[in-house]
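Only one structure is covered here, and it is reproduced in the block below.
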Ligand code: NAD
């Protein structure tokens, strides 16, 4: 099928490459000329495991091209996927839909024939219906452009795998034709047994924000428990393990630590609260404000713990931060908890050195005041405290004996509860983790 993928960021670039990989003829579109140049040359503009391979083979197959022209896209696609950003509006909790609207405005007047427009971006419930009216107004005489919503659930760090083998597909459609078209797009996945939930657009839009709200709530729940554990002298990891054996609860997303961040969860739960208020049901989801607040509090708590461990004053103290990205296996630093803590320590006078295997360049752009690099020993040289804030696999491989020789004081905060504390303690480190007694 001839598909266009409009917006080739973390979501769209992967979607475009994977759709070509399963046999479609794909045109990727973005307003960012640098990004389009890089993608056309087979260079992913961001770090995502496995993307370079799918991109290279899709380009070589001739089934994947990129452009900055929405007019070209209009001429190419039977199905147009919208994958542009829907960030938080400045000064508001609500989602900023200006990029989605701009795509519709730039695409629809040039559509030569009837087609299906499919939103994948995360949007407030009611967006499909609103866009349908806009599209009808803009479409050329005789052209019918139906709109559907097919929210995306991929995880950065596993984006290629999640796109090729999703755990479910959700299609919000208003006609049988639209449903059949989407089933044809995803035929390979459907044949492989991926569950396909066909529903109305409002429900489809809500599935995505509900899923993110649930995940965020689970993380904030365990982080709230961690704070109680700290006060009571209990161990949140054992607590989570014991809770997790209850199959109604499950162990995943119960890892206490610095909390969630990134370009999705925080802004999505805020936009959900804003939309629920517009719909007159704000109180139904007010708990998400609390979830957000608990999450932000972990950043303050971690910075305060670092200050406490260096004796109450961070001025001039050398601090090493391990991790800049919001999660491992990504270079994405949007709303990164690790960088938020690093910046807070810097504001309190600390001399902060941040290490990240893939995100250092993005971190420097986002926080020019911080020193960010990709040499771990250099970041830890002379440190009076080390904070482990993003759970990169390579940090678990660090030899605490060797690292102890490089730092000034062997003091560690494990903000992700992910390092082997016994080994670090045996190597002479003082280890503190959120929600855990001093000995665990
Ligand atoms: P992103 O910022 O990485 O990518 C958005 C892209 O859209 C950018 O490359 C930007 O240049 C481009 N763009 C903006 N306006 C455009 C226009 N008028 N025409 C063409 N291109 C335009 O964002 P992202 O992380 O890929 O997220 C995109 C959407 O997908 C958001 O709604 C997000 O919530 C949702 N989502 C993201 C993920 C994820 O893991 N990143 C997962 C699921 C859903």
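By per-residue mean of other Cβ atoms within 10 Å, what is the highest-first order of 351-360, 289-298?
In decreasing order of mean packing, 351-360, 289-298 become 351-360, 289-298.
Ranking request for peptides 306-316, 157-167: highest mean number of other beta-carbon atoms within 10 Å first, then the rest in descending order. Before the final figure, lay out each step's value.
On the way: 306-316: 14.5, 157-167: 17.6.
So the order, starting with the most tightly packed, is 157-167, 306-316.
Is the shape of the range 68-147 best called rounded, prolate or oblate, per the rule: a/c under 1.5 gives rounded, else a/b larger than b/c gives prolate, else oblate, with a ≥ b ≥ c the square roots of the Cα gyration tensor eigenvalues?
prolate
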Taking the simple approach of a point 7 Å from Cα along Cα-to-Cβ for both residue 430 and residue 33, what is their distance in nm?
5.5
As a footprinting exposure proxy, order 392, 149 by other Cβ within 10 Å, with the fewest listed first.
392, 149
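Can you order the peptides 319-330, 239-250, 196-207 by their average number of other Cβ atoms within 10 Å per residue, highest first?
Details: 319-330: 26.9, 239-250: 12.5, 196-207: 18.3.
Highest mean packing first, the order is 319-330, 196-207, 239-250.
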Return the calculated 222 nm mean residue ellipticity for the chain, to the nearest 500 deg cm²/dmol, obtained by summing -39500 (n - 2.57) across DSSP H runs with n ≥ 4 and dividing by the residue count.
-13500 deg cm²/dmol
Given the options 74, 342, 271, which has the most mean-square fluctuation in a GNM of the chain, springs set between C-alpha atoms less than 10 angstrom apart?
74
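Using only the Cα atoms of the range 341-380, build the gyration tensor, take square roots of its eigenvalues as a ≥ b ≥ c, and label the shape rounded, prolate or oblate: rounded if a/c is under 1.5, else prolate if a/b is larger than b/c, else oblate. Mind showing how you got there, number by number?
Numbers: a/c = 2.51, a/b = 1.32, b/c = 1.90.
It comes out oblate by the Cα gyration axes.
Please report 103, 194, 236, 273 as a ranked list, fewest other C-beta atoms within 10 angstrom at the top and most at the bottom. Provide the component values of the computation, followed by the final result.
Details: 103 24, 194 15, 236 28, 273 21.
By the 10 Å Cβ count, ascending, the order reads 194, 273, 103, 236.
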Starting from the Cα gyration tensor of the range 200-440, take the square roots of the eigenvalues, sort them a ≥ b ≥ c, and report rounded, prolate or oblate (rounded when a/c is under 1.5, otherwise prolate if a/b is larger than b/c, else oblate).
prolate
Could you state the orientation-averaged shadow area of the convex hull built on the Cα atoms of the chain, in nm² to one decimal?
21.8
Could you identify which residue out of 231, 58, 139 has the top mean-square fluctuation in a GNM of the chain using Cα springs shorter than 10 Å?
231
Please list, short to long, the whole-number percent of alpha-carbon pairs of the range 6-145 in consecutive 5 angstrom bins beginning at zero.
2, 10, 20, 21, 19, 14, 9, 4, 1, 0
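Rule-based calculations on the coordinates, nothing more; no lab input. Since the structure is predicted, the reported quantities are computational estimates derived from the model, not experimental observations. Neighbour counts are summed over all protein chains in view; Cβ atoms, including those assigned to glycine, are modelled from backbone coordinates with ideal geometry.
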